[in-house]
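One structure below.
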Amino acid sequence: MAHGYHLRSRRRRRRLDPKPEEPKLPFEIIIEILSWLPVEALLRFKCVSKTWCSLIEEYNFILKHMKRVSPIHLQFRLKSEKNHVAPYFDSNYEGMGRVAGMFLEKHITTHLCRIRNPATRRVLNLPEAHKGARRMSSAFNLSTGEIKVVTLYVENNELGFQIMTVGKDEKWRPWTHPNQGLLKEQGRRVVRCNFFAAEKMNGRVCYSAEFMKRDGQDLSILEVQRLDLVDESVLTATLPQGVFPNLNKVCVINWNKHVAVVEIVNATLHALVCEDSKENKWSPKKIVVPLKFMEKILPPLQEGRDVIIPVNVDGDDFSFYCFQGEQSFVYNTKMQKAKYLYSGVDRWTAHRPSLMGFKGMRLEEEATTSAAKIEE
């Protein structure tokens, strides 16, 4: 009898005693785990709790995640026209660059510009740019999370700049060009322009290389504007006269984070590098790089056509684009062989996704519908 009583008492105590608490991970460990997960998973986890949602939207977490997340591959179409090659991730928008895991794009028929995050599928339509807008670039300030966008426009054979801070400015602000309104007085006009920037996450500088001619003369002047988007300053460097006899045949490219004027003559690349824009200091002599390797990796070139253009130089890697056959390749001068070779217009690129976003961003489907109404 006593035995039965003690047995029932032990069972009763088991029911009354609370279950031992399961051990909880410290929140710092949770943050560490989440920072390695793909964007799609983090977007779902925002509904777990207000704490998780706030964490995933916090800038410091977004920055940490951006550095750790694995790249993905995105398909795009490459389109070329004259000496300009541009990627199209959307058939209606030309790719103008990437910034903080997002794409800067311009509509092909209207003046509509936008920033699109392919990972979150959200879009921010920017204010309508100048009707003569041709090229765009952007800068990401890591310390503040601020993104600025600059556009170059052409009006009456003169160039101008507009700039805006995404998420803050309601319209584009004029950014005075050093030659603004002066070219006509000097008897000069812009014939063509190259506009580019190094694709770096914390890049702040872009370049505008402007080819000009005096009235009644051949193309003879090349000025390079160095635009610092963070402090909104401009420096001008002028190519020394006579270095290249025919400026119609040269290109201006990014050469190891500097500007270089390059020309291909008799299977040899000749380059003059601007070492210091502030002091207008150029390399003392041309850099000469033999290009005889092209005969081994490219089909026979058509006579009389300037079909190969240099695109970029990064260390020993030289990037080229061949309009004939729409081929692009990277040649390593140290290894003396092509590292990559791509053909055709349909390509793939590695892209590092991010959680970056701005107030006013909309789902891509909604923004596309809105843009279509504006176009009508």
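The values are calculated or read from the model by the stated rules, or taken from the named source; none is laboratory data. Owing to the predicted nature of the structure, the values given are computational and were not obtained by experimental measurement. Glycine gets a Cβ as well: all are built from the backbone with ideal geometry, and neighbour counts include every protein chain shown.
Can you report the number of residues in the stretch 145-187 which are polar (S, T, N, Q), modelled with pLDDT of 85 or more and surrounded by 19 or more Cβ atoms within 10 Å (Cβ to Cβ)?
The number of residues fulfilling the criteria is 2.
Can you name every one of the helices (runs of 4 or more DSSP H) wholly within the stretch 33-97 that holds 3 or more residues which are within 21 Å of Arg114 (Cβ to Cβ), among the basic types (Lys, Arg) and not assigned by TED's automatic domain parsing to the domain that holds Thr151?
It comes to none.
Just a yes or no: is a residue in the stretch 222-236 more than 24 Å from Ala133 (Cα to Cα), assigned by TED's automatic domain parsing to the domain that holds Asp314 and in contact with a Phe, Trp or Tyr (Cβ under 8 Å, 6 or more places away or on another chain)?
No.
Out of the residues in the stretch 232-247 that are modelled with pLDDT under 90 and either closer than 26 Å to Val99 by Cα or not polar (S, T, N, Q) (or both), state the one that is nearest to the chain's Cα centre (by Cα).
This residue is Leu247.
For the stretch 260-280, enumerate the residues that are over 15 Å from Ser319 (Cα atoms) and either within 25 Å of the chain's Cα centre (by Cα) or outside the structural domain of Ala209 (by TED's automatic domain parsing) (or both).
Leu272, Val273, Cys274, Glu275, Asp276, Ser277, Lys278
For residues in the stretch 93-105 being farther than 18 Å from Ile72 by Cα and modelled with pLDDT under 90, which is surrounded by the most Cβ atoms within 10 Å (Cβ to Cβ)?
Per the criteria, the residue is Met96.
Considering only residues of the stretch 314-364 that are charged (D, E, K, R) and in a loop (DSSP other than H, G, I, E, B), which is modelled with the lowest pLDDT?
Glu326
Which one of Arg122, Arg135 is surrounded by 18 or more Cβ atoms within 10 Å (Cβ to Cβ), in contact with a helix residue (DSSP H, G or I) (Cβ under 8 Å, 6 or more places away or on another chain) and charged (D, E, K, R)?
Arg122
Which of the residues that make up the stretch 60-79 are more than 14 Å from Leu42 (Cβ to Cβ) and more than 20 Å from the chain's Cα centre (by Cα)?
Asn60, the sole residue that qualifies.
Which of (1) modelled with pLDDT of 90 or more; (2) touching a helix residue (DSSP H, G or I) at 6+ places or on another chain (Cβ under 9 Å); (3) aliphatic (A, V, I, L, M) does Leu219 not meet, given it meets every other one?
(1)
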